[in-house]
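The structure appears below as structure tokens.
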Amino acid sequence: MTTVTEAVKPVLDEDDETAIEKGDLQKLCASPQLAQRFARLLTKAAREISPGRDWRPEDLRDVLEVAVHGTGQESARVLEGRYFRKRLREQVNLADRYGDSFGVVVITMVQGVSEGVYSSILDAVTERLRRTDMVFLYRRRFALVLPRMRPAALEPLIERVRELVAVGAGDAALERIDSLCYPTDELDENTGVLDWAEDQLRDLKLS
């Protein structure tokens with residue numbers, strides 16, 4: 001019977017084979033190429049365990065994150081708006097390097113919304129986010145950075161946010177919700193995700 005290590009030997013050098021056989025965590029985490037190869041082996045094993053699904057490395061990461069940290073929905077990080085651009089750049093770099101998609105959502109409340117309404121909506125939204133998600137606070141809006149968010153999952157989240165706003169404060173409390181999943185074909189070559197985010201926050205000093 002061919003083992004997992006034997007199956008991958010033709011594409012790995014001797015040091016890579018040794019790192020996988022010994023479970024050398026330091027080497028596996030130090031090399032994106034080696035980590036990707038190891039992840040492919042894990043997905044192959046997952047398909048043997050659960051043949052009803054075409055497993056991908058991203059799927060295994062989501063499952064393992066819950067196994068290690070739990071759902072963590074109550075632990076979404078809430079940060080000041082001044083950190084938004086820095087964190088967004090970090091996510092862009094990760095996406096460009098490893099192909100991880102992520103979502104950005106900017107929720108804008110109407111002018112004159114009360115602090116109580118703002119806080120209640122913010123609490124309702126953050127309670128439904130994951131541990132790795134980030135919320136950035138502004139005066140009448142808040143921005144979400146959602147690592148490992150896929151386009152298919154972003155739209156249902158936005159609809160849920162609209163429902164929460166409608167129940168907690170009424171539809172009139174919401175001015176708009178802008179969202180983007182990166183990488184995306186929606187942006188032209190001259191407009192990056194950082195430029196898009198700046199456009200959504202352009203009137204911040206007035207709001």
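Under 14 Å from Y98 (Cβ atoms) and at pLDDT 85 or above, is that true of A39? Yes, satisfied. For L146, the conditions (1) surrounded by 18 or more Cβ atoms within 10 Å (Cβ to Cβ); (2) farther than 20 Å from T184 by Cβ are fulfilled apart from (2). E58 meets each of the listed conditions (1) of a type in the set (D, E); (2) modelled with pLDDT of 90 or more; (3) surrounded by 14 or more Cβ atoms within 10 Å (Cβ to Cβ) apart from (2).
The values are calculated or read from the model by the stated rules, or taken from the named source; none is laboratory data. Bear in mind the structure is a predicted one, so any value in this text is a computation, not a measurement. Note that each Cβ is placed from the backbone with ideal geometry, even for glycine, and that neighbours are counted across all protein chains shown.
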